[in-house]
Amino acid sequence: MRKRTRARELALQILFQYDLRGIEILDDLDGILERSGKAPNVTEFAGELVRGTAAIGEEVDELIASVAEHWDVRRMAAIDRNILRMAVFEMRERTDIPAKVTINEAIELGKKYSTAQSGAFINGILDRIRRKFDGES
C-alpha cells in the first residue's frame, strides 16, 4: 500500500474520532500520530490532512451541502462525511495532487470502510465539487 494511501486511512480514523469527540482530539494529535507506529512521512501527511480538514470544516461542510442534493451533511454516514471533508480539503489545498487521484483515493476509502454504495455517492459529490473548483457548470 502506498504511503499517501496509508496516511489517508490514518487521517480518516482520526477525523472520525474528531467528528464524534470534538476538538479535544486535536490536543493530542501529535501523540496519536506517534503512537500509530507509521513512518514519519505517513504521519506527517496524515497530520496535515487532519489539521487542514479541521481548520476549514464549516466551509467544507457548506460546500458539500451545496452540491449534495437532498442530503444534510450531518445526516450522512460519519465515515462518508469525513472522507468527503478530507478529500475536499486535499483538492482545495494540495494542488500538487491531481483532483482525480484524490477522488479515486476517496472512493476506495468509502468502499473499504463504509457501504457498497459509498463509492458512487462519494464520487458523485466530489466530482461536482471538482467541477466547481475547475469553473465547470
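Please treat every number below as a calculation from the coordinates, not as lab data. Keep in mind it's a predicted model, so treat the numbers as computed, not measured. Methodologically, a virtual Cβ is constructed for each residue, glycine included, from the backbone with ideal geometry; neighbour enumeration extends over all protein chains shown.
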Quote the FRET efficiency, to the nearest 0.05, computed for Glu34 versus Ala55 with a Förster distance R0 of 30 Å and r equal to the Cβ-Cβ distance. 0.90
Report the calculated FRET efficiency for Arg74 and Arg2 (r = Cβ-Cβ distance, R0 = 35 Å), to the nearest 0.05. 0.65
Roughly what angle does helix 3-21 make with the longest principal axis of the chain, taking Cα atoms, 0 to 90 degrees, to the nearest 10? 90 degrees
Around Pro40, with a cut-off of 15 angstrom between Cβ atoms, what is the net charge of the other residues, counting Lys and Arg +1 and Asp and Glu -1? +1
Helix 99-113 versus the longest principal axis of the chain: what is the Cα-based angle in degrees, 0 to 90, to the nearest 10? 70 degrees
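Could you work out how much longer the chain between Ala116 and Glu44 gets when fully extended? Use 0.36 nm per residue separation minus the Cα distance between them, nm to one decimal.
Between Ala116 and Glu44, full extension yields 22.9 nm more.
Multiply the residue gap between Gln17 and Asp134 by 0.36 nm, knock off their C-alpha separation, and tell me the result in nm, one decimal place.
39.0 nm
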State the answer as a single residue: which of Ala87, Thr102, Gly135 lies farthest towards the positive end of the charge dipole of the stretch 63-137, with beta carbon charges of +1 for Lys and Arg and -1 for Asp and Glu, about the Cα centre. Ala87
Compute the length gained on full extension between Lys100 and Ser66: take 0.36 nm times their separation in residues and subtract their Cα-Cα distance, giving the result in nm to one decimal. 10.2 nm
